C-alpha cells in the first residue's frame, strides 16, 4: 500500500492543511493546485524514517503570495515536526527511525561507497537492483533478499531560520526541492571479555568476545539542558557494603548497569585489547562527536575490554553483610571478625550445599562467632549444620568458628541423613585448612523409623584441616507443664571420643523432669 500524502499549502502568512488524499486522487488535486498558481514544492523525504500515521510530507507554494526583494522570492520553510505546523488531527508530527537519531535536513545525499561498492551503516556490501532498491550483495545462510537502506553521506544542511530564495526565472512552470532527513546510528559502548580458549570470537581471533552492547542517542544526550545528559557515561563496578555494585543511577533516575559475567567478578576495564589504557577514576565518558553539517558520526563506537577474576566474590567486613549476601557459589573474603549475636546465619548455608569459598584476608585469621542456627524440617531431613554440605569445589580457610550453636529442633531423619555442628557432610574434593570449630550441638524433637541413628558431632565425611575445639552435645525436651517430652532417649544416647553420636530413638514419647541433658564424650 502506498503512503498517503499530506499537502500543506503555504500562503503569505499562514499554512492551510488539506486532508490526506488517496493515491488515486493526488494527481488530480495537484493539477488543480498548479492551475491555481501553486507551482513550487518542497518534499521532506523521511529517508528510511517514518512520520507519525505513516504519511509522506510535501509543502506546496504559490510564489505570487510571497514577498520579493532584489529580484528574488523569499519562501520560509517550516520544519516538519514544528509544533505550530497545522495537521489534520492537530497532533504534532513525529519522525523516527529505529536505532537512529535525527541530525537535521539536508539538500544533498549520496550513497556511501567502500572500495567502489555501496554499503549499509554497518559496512556490509550492497548491490543496486534495476528498480532502484538496494539489497545485500551476499546473503547469509537462510537469509532472504529484502530491500536495504544504504548508508548516506550528506551535504548542505538546511537552516530553517533562513528562507528559500528563488529568482522568478527559475520557476519556469514548476520548481521543486527535496530535503532529506539525515539519520545517524545510535552511538555505542561495546563490552568485551577475554576467553583464552575461544579461538573464534565475535570480534576477531584475539580471544575477546562480545559481552554486551549499549547504545544511546548522541544528539539528545548532548542537547542543551538535556535530561539524559549522562547517557554517554559509564561507571565501573565498585565494592559497596560487601558486594560488587554494578548499578548507578542516571540523572533522570533510570539505572545504568555495568554488564556481569556469571561466575566471575569485575577486576579492571581498558580502552584497548592490549590492556595498556586502563580506565581509572571509576567513570568514563564516550569520546565520540558529531559533524552536524554532514550528519557524520565521529568515533561513534567505544570498545571496553573488561577483565574478570574467578568466582562471584564478596568482601565481608560485618555479619550483616554476610547475612544479606548469601550465595552458595560465592567466594567470601572475610576481612574482620564477624559477630552474629544479632544477625541470622543464611539458611541456604545451613540446609544447602555450599560450593564456593570462605577465607580470611591473606595473612590473617578471623573469627566467625556467636552463630546460632535452628534447624527444622517438615519433610525427610537429609543434612544440616552450620553448612548443610560442603561440595567438592568448596574451600574454607583460615577461619575460627567460635561459640557456634546448631539446634536440630525438629527433624524427621531419612535413612542416610548427615548432621554435624560444622557441616552435615564434607565431600572428598572440598579443601579445608586452618579452620577451628567450637560450640554446642543441640538435639530436640527428632524422629525416624529407625530405633537408633548415628552421625558426627563435628561433621561427616572429610574433616582434614579442622581443629575441633570444645564442642558439647545437648539433648532437650519440649516443655509440657512442669515436665518435658523427649523423642530421643537421653540415657541411651552416646557420644564416642571420635565424635560419633549414637541416638537412641524412642518408639513412644518419653517424659522427663529434666529440661536438658548434656551428653559427654566416652573414652574408647
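A few comments on the model shown:
- Condition check for residue 174: surrounded by 13 or more Cβ atoms within 10 Å (Cβ to Cβ) and over 22 Å from residue 52 (Cα atoms): no
- Cβ-Cβ under 8 Å pairs, at least 6 apart or on other chains, region 345-357 side touching a residue at least 40 places away in the same chain (Cβ under 8 Å), far side in a loop (DSSP other than H, G, I, E, B) and crowded, with 21+ Cβ neighbours inside 10 Å: 345/371; 345/386; 350/385; 350/386; 354/394; 356/394; 357/394
- Failed item, numbered, when residue 144 is tested on (1) on the phi < 0 side of the Ramachandran plot; (2) touching a helix residue (DSSP H, G or I) at 6+ places or on another chain (Cβ under 9 Å): (2)
- Meets criteria (part of a strand (DSSP E or B), loosely packed, with under 12 Cβ neighbours inside 10 Å and not assigned by TED's automatic domain parsing to the domain that holds residue 282) for residue 169: no
- Residue 474 being at pLDDT 95 or above and surrounded by 15 or more Cβ atoms within 10 Å (Cβ to Cβ): yes
- Residue in region 8-15 that is part of a strand (DSSP E or B), within 27 Å of residue 184 (Cβ to Cβ) and at pLDDT 90 or above present: no
- Check on residue 309, modelled with pLDDT of 95 or more, loosely packed, with under 13 Cβ neighbours inside 10 Å and under 30 Å from residue 337 (Cα atoms): yes
- Scanning region 388-437 for residues that are more than 22 Å from residue 369 (Cα to Cα) and not in a strand (DSSP E or B) gives 391, 392, 393, 427, 428, 429, 430.
- Strands (runs of 3 or more DSSP E) contained entirely in region 203-319, each with at least 1 residues that are more than 30 Å from residue 154 (Cα to Cα) and under 20 Å from the mean Cα position of the chain (by Cα): 208-216, 233-235, 238-240, 243-245, 247-249, 255-257, 264-270, 283-285, 301-310, 312-316
- Residue in region 328-341 that is in a loop (DSSP other than H, G, I, E, B), surrounded by 19 or more Cβ atoms within 10 Å (Cβ to Cβ) and touching a strand residue (DSSP E or B) at 6+ places or on another chain (Cβ under 9 Å) present: yes
- First in region 97-108 and on the phi > 0 side of the Ramachandran plot, second anywhere and surrounded by fewer than 22 Cβ atoms within 10 Å (Cβ to Cβ) and not in a strand (DSSP E or B), Cβ under 8 Å, 6 or more apart: 99/186; 104/158; 104/292
- Residue 502, sole failed condition from (1) surrounded by 18 or more Cβ atoms within 10 Å (Cβ to Cβ); (2) closer than 16 Å to residue 413 by Cβ; (3) at pLDDT 90 or above: (1)
The values are calculated or read from the model by the stated rules, or taken from the named source; none is laboratory data. This structure is a prediction, so every number in the text was calculated from the model and none was measured. FYI the Cβ positions are ideal-geometry reconstructions off the backbone, even for glycines, and counts take in every protein chain you see.
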